[in-house]
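Asker: First the structure, which I've put down as structure tokens, then a few questions once you've had a look.
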Amino acid sequence: MILKGRAFRFGNDVDTDAIIPARYLSTSDPDVLKKHCMEDADPAFPDRVEPGDIIVAGKNFGCGSSREHAPIAIKASGVSCVIAASFARIFFRNSFNMGLPIFESDEASAAISEGDTVEVDADSGVIRDLTTGKVFQARPIPGFMQELIEDGGLMEHIRKRGGI
Amino acid sequence: MGRTIAEKILAAHTQTKSFQPGDIIKVDVDVALANDITAPIAIRAVRQSGVEKIAHADKVVFVLDHFTPNKDIASANQCRYVRDFALQQEIEKFFDGGEAGVEHALLPEKGLVLPGDLIIGADSHTCTYGALGAFATGVGSTDLAAAMMTGQAWIKVPPTMKFIFEGELLPWVGGKDLILYLIGKIGVDGALYRVMEIEGPAVSALELSDRLSMSNMAIEAGAKAGIIAADGKTEAYVKPRAKRPYTVYASDKDARYESVTVFDCAGIEPQVAFPHLPENAKGISEAGDVKIDQVVIGSCTNGRIEDLRIAARILKGKKVSKGLRCLILPATPEVYSRALGEGLIDIFLQAGSIIGPPTCGPCLGGHMGILAKGERALATTNRNFVGRMGDPASEVYLSGPAVAAASAVTGKISAPQEVMS
Ligand code: SF4
């Protein structure tokens, strides 16, 4: 699968309160959550983001709470994938469990600029910055987690295979 | 090759014969926890899967503690959704209304989490129970849905980092100060994907409440779990509460650690974490002149009876600074009741504090103490991210109960010694 869109850049340690502030957690409706996605980090984000766009961040993206509202909000706002130098662990597992593609690459995280057009081959993990022509390779994804992506998330995985 | 506590607990809960850090294994869980914010997504996933009756209701614990007492119609609907499911599925460990308290204070108190357990919770501070010698880790709602249906979870086996606290604590220093100091040293991703094993003479000397504060904040260093081996004090705490057998594990002498770090408590004064990350910890003597508008004493980090006793020692016979709101939220009904019985609530009221119900409330900017633009709070909670307690342009500072209470009296971030002669 090829994912393609404009890059929205964020810094290190973007926490789940920045991705979706707790004041909106009285719902888990994706259509409501997407209106507030990333708003404490970039108030213009919910209006500017378009289907396919890509979040590019530094280290420890998604740290903080375990709220699945964070990947739900990102997915619902049309973001096709997140590229970061590293991910906080609960955000990491939530993304695979829910089928939000995420990629770890120090080089891509450092080199891609705001607004660049980026293309990711989700199967091979090859990241291309089409604006600068630079190419990066994301860290490989463990086998079990590839299975989760192929099955379409953890619940589908359980349904298909009769257990985890 | 010896094994760590974490590896022993994982081995006791998996069919996989041998595993290495980095391997993904399937584990049987003893407890699967969720709250009023995370349970609805898990319940929806269960309902969508078409399962009528979940197979593992006996492992499930639901606590309605975040936006309760219901802060608005939407949160009331959320709680009701969880309540209906809990009744329908006959989930016995369901805590609602006057039985509810902040989950990570409530579960140890009720004896629902025990040494040697493998616990998952759809709440990042599930790592709190590591202080009882358990493997406890935060997961997402979908993981919780899977656990309700299968009794299992997938875990990437983490390497373990060891942290040793030597020496004796300085006056007014507690578990919260040690963990803030540690996070200040290694950073908010300093233990990413790792287990933190915390030990040493200073930790052995700590009571359970202080140890729970320490394990609580392991996630603030990115860790998967923060484990303190169970000892005599742990057993004295859990034995009268436990309703099922438990196992005490210790790490082998030749266990493999990714790193071993030693801290000397002689150099650790009461800590304050500055906005907007827990890693911005400073000793109180370096805090400078920081005026504050609100103090919050409560939460799963420091809302236990021991914390309230410390706050009461400082607030007794004094007044909260004019113009400052001092909110005190006992973490559970039992803590509240004991605080009443010991006369602490009266001390707080006389000092001009506001007493709240056992709820997460302001800790996550839910309700009951939200900050206006530009306001500053000093809280005994665990996170000081942008907008955590209200307006995105407000600030949260973190400390233990002693510094929080002293600062409520002076109106600025202050050492306890400033108000206690
Ligand atoms: S008290 Fe705060 S950190 Fe603890 S469970 Fe509640 S919201 Fe989370």
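Asker: Can you tell me how many residues within segment B:309-335 are open to solvent by 10 Å² or more (accessible area, probe 1.4 Å), touching a Cys at 6+ places or on another chain (Cβ under 8 Å) and within 16 Å of the ligand (Cβ to nearest atom)?
Answerer: The total comes to 0.
Asker: Right, another one. What's the total number of residues in segment B:160-192 that are open to solvent by 50 Å² or more (accessible area, probe 1.4 Å) and assigned to a loop (DSSP other than H, G, I, E, B)?
Answerer: 5
Asker: Could you run through segment B:131-149 and say how many residues are touching a residue at least 40 places away in the same chain (Cβ under 8 Å), aliphatic (A, V, I, L, M) and not in a helix (DSSP H, G or I)?
Answerer: 2
For (1) touching a residue at least 40 places away in the same chain (Cβ under 8 Å); (2) in a helix (DSSP H, G or I), each residue gets a yes or a no:
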{"site": "B:314", "(1), (2)": "yes, yes"}
{"site": "B:318", "(1), (2)": "yes, no"}
{"site": "B:322", "(1), (2)": "yes, no"}
{"site": "B:327", "(1), (2)": "yes, no"}
{"site": "B:337", "(1), (2)": "no, yes"}
{"site": "B:346", "(1), (2)": "no, yes"}
{"site": "B:349", "(1), (2)": "no, yes"}
{"site": "B:363", "(1), (2)": "yes, yes"}
{"site": "B:367", "(1), (2)": "yes, no"}
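Asker: From B:306, B:342, which residue is under 18 Å from the mean Cα position of the chain (by Cα) and either open to solvent by 20 Å² or more (accessible area, probe 1.4 Å) or away from the ligand (no atom under 16 Å from the Cβ) (or both)?
Answerer: B:306
Asker: Sticking with this one: So for segment A:84-103 (the condition being surrounded by fewer than 17 Cβ atoms within 10 Å (Cβ to Cβ), within 13 Å of another protein chain (Cβ to nearest Cβ) and either hydrophobic (A, V, I, L, M, F, W, C) or over 18 Å from residue A:5 (Cα atoms) (or both)), does at least one residue qualify?
Answerer: Checked against the condition, which is being surrounded by fewer than 17 Cβ atoms within 10 Å (Cβ to Cβ), within 13 Å of another protein chain (Cβ to nearest Cβ) and either hydrophobic (A, V, I, L, M, F, W, C) or over 18 Å from residue A:5 (Cα atoms) (or both), segment A:84-103 yields no hits at all.
Asker: All but one of (1) away from every other protein chain (no Cβ under 14 Å); (2) out of contact with any helix residue (DSSP H, G or I) (no Cβ under 8 Å at 6 or more places or on another chain); (3) under 16 Å from residue B:126 (Cα atoms) hold for residue B:257; which doesn't?
Answerer: With respect to (1) away from every other protein chain (no Cβ under 14 Å); (2) out of contact with any helix residue (DSSP H, G or I) (no Cβ under 8 Å at 6 or more places or on another chain); (3) under 16 Å from residue B:126 (Cα atoms), residue B:257 is out only on (3).
Asker: Separate question: Of the numbered conditions (1) within 21 Å of residue A:18 (Cβ to Cβ); (2) crowded, with 21+ Cβ neighbours inside 10 Å, residue B:406 fails exactly one; give the number of that condition.
Answerer: Here residue B:406 clears every test but (1).
Asker: While we're on this one: I'm trying to understand the selection: among the residues of segment B:284-297, which are surrounded by fewer than 18 Cβ atoms within 10 Å (Cβ to Cβ) and assigned to a strand (DSSP E or B)?
Answerer: Once the filter is applied, which keeps residues that are surrounded by fewer than 18 Cβ atoms within 10 Å (Cβ to Cβ) and assigned to a strand (DSSP E or B), segment B:284-297 yields only B:291.
Asker: Can you tell which of B:145, B:136 is within 16 Å of the ligand (Cβ to nearest atom), within 14 Å of chain A (Cβ to nearest Cβ) and either aliphatic (A, V, I, L, M) or surrounded by 24 or more Cβ atoms within 10 Å (Cβ to Cβ) (or both)?
Answerer: B:136
Asker: Among the residues of segment B:108-119, is any open to solvent by less than 10 Å² (accessible area, probe 1.4 Å), part of a helix (DSSP H, G or I), under 22 Å from residue B:46 (Cβ atoms) and not basic (Lys, Arg)?
Answerer: No; the residues of segment B:108-119 include none that is open to solvent by less than 10 Å² (accessible area, probe 1.4 Å), part of a helix (DSSP H, G or I), under 22 Å from residue B:46 (Cβ atoms) and not basic (Lys, Arg).
Asker: Considering only strands (runs of 3 or more DSSP E) fully contained in segment B:1-104, which possess at least 1 residues that are farther than 24 Å from residue A:147 by Cα, more than 10 Å from chain A (Cβ to nearest Cβ) and within 16 Å of the ligand (Cβ to nearest atom)?
Answerer: B:31-35, B:60-63, B:93-95
Asker: Within segment A:16-47, restricting attention to residues that are of a type in the set (D, E, K, R) and touching a residue at least 12 places away in the same chain (Cβ under 8 Å), which residue is nearest to residue A:124 (Cα to Cα)?
Answerer: Here the residue is A:34.
Asker: Quick one: in segment B:357-378, which of the residues that are away from chain A (no Cβ under 14 Å) and open to solvent by less than 10 Å² (accessible area, probe 1.4 Å) is farthest from the ligand (Cβ to nearest atom)?
Answerer: B:378
Asker: Next up: Testing residue B:301 on (1) open to solvent by less than 40 Å² (accessible area, probe 1.4 Å); (2) in contact with a helix residue (DSSP H, G or I) (Cβ under 9 Å, 6 or more places away or on another chain); (3) farther than 23 Å from residue B:207 by Cα; (4) within 16 Å of the ligand (Cβ to nearest atom), one condition comes back false. Which one is that?
Answerer: Answer for residue B:301: the failing condition is (3).
Asker: Given the conditions (1) within 19 Å of the chain's Cα centre (by Cα); (2) on the phi > 0 side of the Ramachandran plot, which single one is not true for residue B:90?
Answerer: Status for residue B:90: all satisfied but (1).
Asker: Would you confirm, using the coordinates I've provided, whether residue B:400 is within 14 Å of chain A (Cβ to nearest Cβ), open to solvent by less than 50 Å² (accessible area, probe 1.4 Å) and within 16 Å of the ligand (Cβ to nearest atom)?
Answerer: No, not satisfied.
Asker: Let me spell it out: the conditions are (1) more than 15 Å from the ligand (Cβ to nearest atom); (2) touching a Pro at 6+ places or on another chain (Cβ under 6 Å), and residue B:151 meets all of them except one. Which number is the exception?
Answerer: (2)
Asker: When you go through (1) within 16 Å of the ligand (Cβ to nearest atom); (2) within 14 Å of another protein chain (Cβ to nearest Cβ) one by one for residue B:393, which number turns out not to apply?
Answerer: Result: residue B:393 fails condition (1) only.
Asker: Can I ask one more? Do you know which residues across segment A:50-71 are within 16 Å of the ligand (Cβ to nearest atom) and assigned to a helix (DSSP H, G or I)?
Answerer: Once the filter is applied, which keeps residues that are within 16 Å of the ligand (Cβ to nearest atom) and assigned to a helix (DSSP H, G or I), segment A:50-71 yields A:69, A:70.
Asker: Can I ask one more? Report yes if residue A:13 is within 13 Å of chain B (Cβ to nearest Cβ), in contact (Cβ under 8 Å) with a residue 40 or more places away in the chain and open to solvent by less than 10 Å² (accessible area, probe 1.4 Å), otherwise no.
Answerer: For residue A:13, the condition - within 13 Å of chain B (Cβ to nearest Cβ), in contact (Cβ under 8 Å) with a residue 40 or more places away in the chain and open to solvent by less than 10 Å² (accessible area, probe 1.4 Å) - is not met.
Asker: Given the condition within 15 Å of the ligand (Cβ to nearest atom) and in contact (Cβ under 8 Å) with a residue 24 or more places away in the chain, answer yes or no: does some residue in segment B:282-293 qualify?
Answerer: no
Asker: Check whether at least one residue in segment A:52-68 is charged (D, E, K, R), surrounded by fewer than 18 Cβ atoms within 10 Å (Cβ to Cβ), farther than 22 Å from residue B:390 by Cα and more than 11 Å from chain B (Cβ to nearest Cβ), and report yes or no.
Answerer: Within segment A:52-68, not a single residue is charged (D, E, K, R), surrounded by fewer than 18 Cβ atoms within 10 Å (Cβ to Cβ), farther than 22 Å from residue B:390 by Cα and more than 11 Å from chain B (Cβ to nearest Cβ).
Asker: Residue under question is residue A:72, and the condition is that it be in contact with a helix residue (DSSP H, G or I) (Cβ under 9 Å, 6 or more places away or on another chain), among the β-branched types (Val, Ile, Thr) and open to solvent by 10 Å² or more (accessible area, probe 1.4 Å); does it hold?
Answerer: yes
Asker: Touching a residue at least 12 places away in the same chain (Cβ under 8 Å), open to solvent by less than 10 Å² (accessible area, probe 1.4 Å) and more than 10 Å from every other protein chain (Cβ to nearest Cβ) - does that describe any residue in segment B:150-159?
Answerer: Checking segment B:150-159: at least one residue is touching a residue at least 12 places away in the same chain (Cβ under 8 Å), open to solvent by less than 10 Å² (accessible area, probe 1.4 Å) and more than 10 Å from every other protein chain (Cβ to nearest Cβ).
The values are calculated or read from the model by the stated rules, or taken from the named source; none is laboratory data. Predicted, not measured: the structure shown is a model, and the values here were computed from it. Cβ sites come from the backbone with ideal geometry, for glycine too, and all protein chains shown count toward neighbours. Quick note on the areas: whole protein, heavy atoms, side chains included, nothing else; ligands and nucleic acids left out. Shrake-Rupley method; radii C 1.70, N 1.55, O 1.52, S 1.80 Å.
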